[in-house]
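Read through the structure below, which is laid out as structure tokens, and then see the notes.
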Amino acid sequence: MRLLESTALQIKQKILSKQIRVVELVGQAFARIKAVDPTIQSFISLNEESALKQAREIDEKIDHNEKVGLLAGIPVAVKDNLCTRGLSTTCASQILKNFVPPYDAYVVKRLKEEDAIIIGKTNLDEFAMGSSTENSSFQITRNPWNVACVPGGSSGGSAAAVAANLTPMSLGSDTGGSVRQPAALCGIVGLKPTYGRVSRYGLIAFGSSLDQVGTMTKDVSDASLLLQVIAGKDSKDSTSVQTPVPDYLQGIDNNIQGLRIGIPKEYLTEGMHADVHKALKDALRIYEKLGAKIIDVTLPHTEYAVAVYYIVANAEASSNLSRYDGVRYGIRSTNAKGVIDMYCRTRAEGFGNEVKRRIMLGNYALSSGYYDAYYLKASRVRNLIKKDFDAAFEKVDCIIGPTSPVPAFKIGERANNPLEMYLSDIYTIPANLAGIPGISIPCGFSKDGLPIGLQILTKHFEEKQLLHVAYSFERETDYHLKRAVI
């Protein structure tokens, strides 16, 4: 158990120095998953036989002093909307219940190339549409800090698996905050890279202009290591960018004297929980003590971000999800009378209510007579939101604010109020619309003992700066060392 509480870098050191065997580590991981996950329900499927076989192979490499990868022997959980060859990929949807991809997503391929061990696929809101992981068609994932609460979403399974010490690191996807928000609610580190920094090949699409694969880890150093592995140009993804990938760990511990931190007045809203507000103020005092300068900035179009997001994302989703019709893969209705009836029945039976809601809203926004009023206007306002960030970054080096307006809420509390649920991502959505990188790090706890996250944003492709700013706070505090007891 204590071994699984360690970070990936700490575990890797023990593996390379032969203090532990990879087979022993992986065995411990599966033993803990079987003991704890029936309560947490973070995994949809496990990869036990293949993982133990790979563990033995890595042990042999180390025994023979052969070269091993950056993640040699480290167990990694993968969100179940990333394709894994020979391992089911469901998107937590009935429509893909039996889908087994014939290929690996780019990021999964990179994990394997660096000798990481994929231990299983994690639960999510169906097709990554949600902020609580209550929309999964298989199970509701619970927050390890309080099992009556949600872990956030849509990457709730990946966040809960790390927070419950089932795995030291995991991959998620972030379309409007789906890595950062659950990381905040589960007390771990969640990083969304710049759009284009990491290939989306093999990530089952929700909103193609917004989706980005992200990392979920126990601390900032592990986030740096995992990003190092998955970042880079991929010829199979035309949106991935050919830009150098720096050594993210190098210089991460430099001081931040003179750093200009921007605080947007639009992020200090009335809906912010009092404990979140206090944690934010405490964090800013720590940065000031380290020599940073706090500067007020404005992002005037922030108030439109949620509306813009739910037009753009749903429009793209309605197009992306049109392929699930029962013809090529996924389930097919057996009671259909003719091909049109088969399409309708398959989609009615295969999709959950939230996915249906978003498909309908997306089709409406794109329909004849409404395209200009909704999608086109939303696209123009999206550009204004990006310009807000461009203007702010001329004055500051980074922007800091809360990740989520509230700590983890109770399961079922917002299930019947979609608008209130959508507002859970009010602080994270703007970064996706602008395409900039963001990270959530632990910065405190509520009076009820629930984690609170601090969000840091930087310019496009400045993940190195982002990680440096995050690490400087982490080094001064012990929030990232706290572990949920379960």
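The values are calculated or read from the model by the stated rules, or taken from the named source; none is laboratory data. Predicted, not measured: the structure shown is a model, and the values here were computed from it. Positions of Cβ are generated from backbone atoms using ideal geometry, with glycine treated the same way; all protein chains shown enter the neighbour counts.
Among the residues of region 176-227, those identified as farther than 27 Å from PRO244 by Cβ and either part of a helix (DSSP H, G or I) or modelled with pLDDT under 95 (or both) are GLN181, PRO182, ALA184, LEU185, CYS186. Enumerate the pairs (first residue in region 62-91 and more than 21 Å from SER199 (Cα to Cα); second residue anywhere and surrounded by fewer than 16 Cβ atoms within 10 Å (Cβ to Cβ) and of a type in the set (D, E, K, R)) with beta-carbon separation below 9 Å, excluding pairs fewer than 6 apart on the same chain, so at least 6 apart or on different chains. Within 9 Å, the pairs are ILE62/LYS18; ASP63/LYS18; GLU66/GLU60. When region 47-61 is limited to residues that are of a type outside the set (Asp, Glu) and touching a helix residue (DSSP H, G or I) at 6+ places or on another chain (Cβ under 7 Å), the one that is nearest to ALA148 (Cα to Cα) turns out to be ALA51. Among the residues of region 93-101, some residue qualifies, meaning at least one is of a type in the set (Gly, Ala, Ser), buried (at least 16 other Cβ atoms within 10 Å of the Cβ) and in contact with a helix residue (DSSP H, G or I) (Cβ under 9 Å, 6 or more places away or on another chain).
Can you tell me which residues in region 392-447 are of a type in the set (S, T, N, Q), at pLDDT 95 or above and in contact with a Pro (Cβ under 8 Å, 6 or more places away or on another chain)?
Here is the first cut: in region 392-447, the ones of a type in the set (S, T, N, Q) are 403-404, 416-417, 424, 428, 432, 440, 446.
Then keep just the ones that are at pLDDT 95 or above; that gives 403-404, 428, 432, 440, 446.
Of everything in region 392-447, just one residue is of a type in the set (S, T, N, Q), at pLDDT 95 or above and in contact with a Pro (Cβ under 8 Å, 6 or more places away or on another chain), namely SER446.
Being part of a strand (DSSP E or B) and farther than 23 Å from TYR324 by Cα: is that true of GLY251 here? It is false that GLY251 is part of a strand (DSSP E or B) and farther than 23 Å from TYR324 by Cα. For region 114-141, filtering for residues that are buried (at least 24 other Cβ atoms within 10 Å of the Cβ) and of a type in the set (Phe, Trp, Tyr) leaves 1.
Listed by first and then second residue, the pairs with beta-carbon distance under 6 Å, at least 6 apart or on different chains, first residue in region 264-286 and touching a residue at least 12 places away in the same chain (Cβ under 8 Å), second of a type in the set (A, V, I, L, M), are PRO264/VAL297; PRO264/LEU299; GLU266/LEU299; HIS273/VAL406; VAL276/ILE452; ALA279/ILE452; ALA283/LEU454; LEU284/ILE294. For region 142-195, which residues satisfy the criterion of being among the aromatic types (Phe, Trp, Tyr) and farther than 14 Å from PRO442 by Cβ? Selection gives TYR195 alone. Restricting attention to region 443-467 and to residues that are assigned to a helix (DSSP H, G or I) and touching a helix residue (DSSP H, G or I) at 6+ places or on another chain (Cβ under 9 Å), the residue that is surrounded by the fewest Cβ atoms within 10 Å (Cβ to Cβ) turns out to be LYS464.
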